[in-house]
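What follows is a single structure, written as structure tokens, with notes after it.
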Amino acid sequence: MPRQRLSRQESRRQTRAQLLAAAAQVFAEKGFNGASVEDIAETAGYSKGAVYSNFESKEDLFLALIDQYLAVELEKLGDSIDLPLWEAEFERDLTENRTLKLLTVEFFLYAMRNESARQKLAQRYRVAYAALAQMMGKHYQQANLPQPMSAQHLAWAITSVGTGLFLQTCLDPDALPEAMYMTALKRILYGHGEPNAAQLTHSSKKATELRSRD
């Protein structure tokens, strides 16, 4: 049976996705300054013109990659506080996703060295913080729990802990204390006490399935 031909829009989406995947690989290995449009095109199996027909510049491609990264991270969070699932996702990224580690470092380095890029990156992170803050506020309201700080501050704290631990393990992956991420999240969300069953979503099954995924 002949393979169905892609529509022009589907073909463009596919090309864009392949270019982003290639860009992630090249930027992770060479950094933003070391990577070239030619490198990315060659890795993706396309011409240089294909890159410029989908992205205005190398920076535009880099920012699109950041958008994709943040969208994936927000999707991992889901629509409710789910600590076992968050921990499973975090551990998976630590052990299996070397490209993500390198890209995370590169995003911040590039932003620190380029003021216009810093502003663009900061704006993107503000959108992510707002989505997480909304989830925080909803959680405490529905659970009728005292909120330790503003939802926006909670979003910043949780993101900072995750990013900090993530970057630290790039340097010394064997030094991370067991269950450190979960312990830190519990302290931020619930103070010094441990959350009870009503405070946590029933996600053990989801987390177990994630850990056992091939």
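Below are the figures for this structure:
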| read-out | value |
| --- | --- |
| Those residues of the range 7-34 which are aliphatic (A, V, I, L, M) and either out of contact with any Lys or Arg (no Cβ under 8 Å at 6 or more places or on another chain) or farther than 16 Å from residue 104 by Cα (or both), in sequence order | 17, 19, 20, 21, 22, 23, 24, 26 |
| The range 53-64 residues that are at negative phi, paired with ones that are crowded, with 19+ Cβ neighbours inside 10 Å and among the acidic types (Asp, Glu) (beta carbon under 9 Å, 6 or more apart) | 62/106 |
| From the options 22, 28, residue that is at pLDDT 95 or above and closer than 15 Å to residue 99 by Cβ | 22 |
| Residues of the range 87-107 classified as part of a helix (DSSP H, G or I) and closer than 23 Å to residue 185 by Cα, total | 14 |
| Selection within the range 66-86 - of a type in the set (S, T, N, Q) and either outside the structural domain of residue 117 (by TED's automatic domain parsing) or outside any loop (DSSP other than H, G, I, E, B) (or both) | 68 |
| Residue 122 at pLDDT 90 or above and either basic (Lys, Arg) or surrounded by 18 or more Cβ atoms within 10 Å (Cβ to Cβ) (or both) | no |
| Condition met for residue 82 (in contact (Cβ under 8 Å) with a residue 12 or more places away in the chain, under 19 Å from residue 69 (Cα atoms) and either surrounded by 14 or more Cβ atoms within 10 Å (Cβ to Cβ) or hydroxyl-bearing (Ser, Thr, Tyr) (or both)) | no |
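The values are calculated or read from the model by the stated rules, or taken from the named source; none is laboratory data. Please read all numbers here as calculations on a predicted model, not as lab measurements. Positions of Cβ are generated from backbone atoms using ideal geometry, with glycine treated the same way; all protein chains shown enter the neighbour counts.
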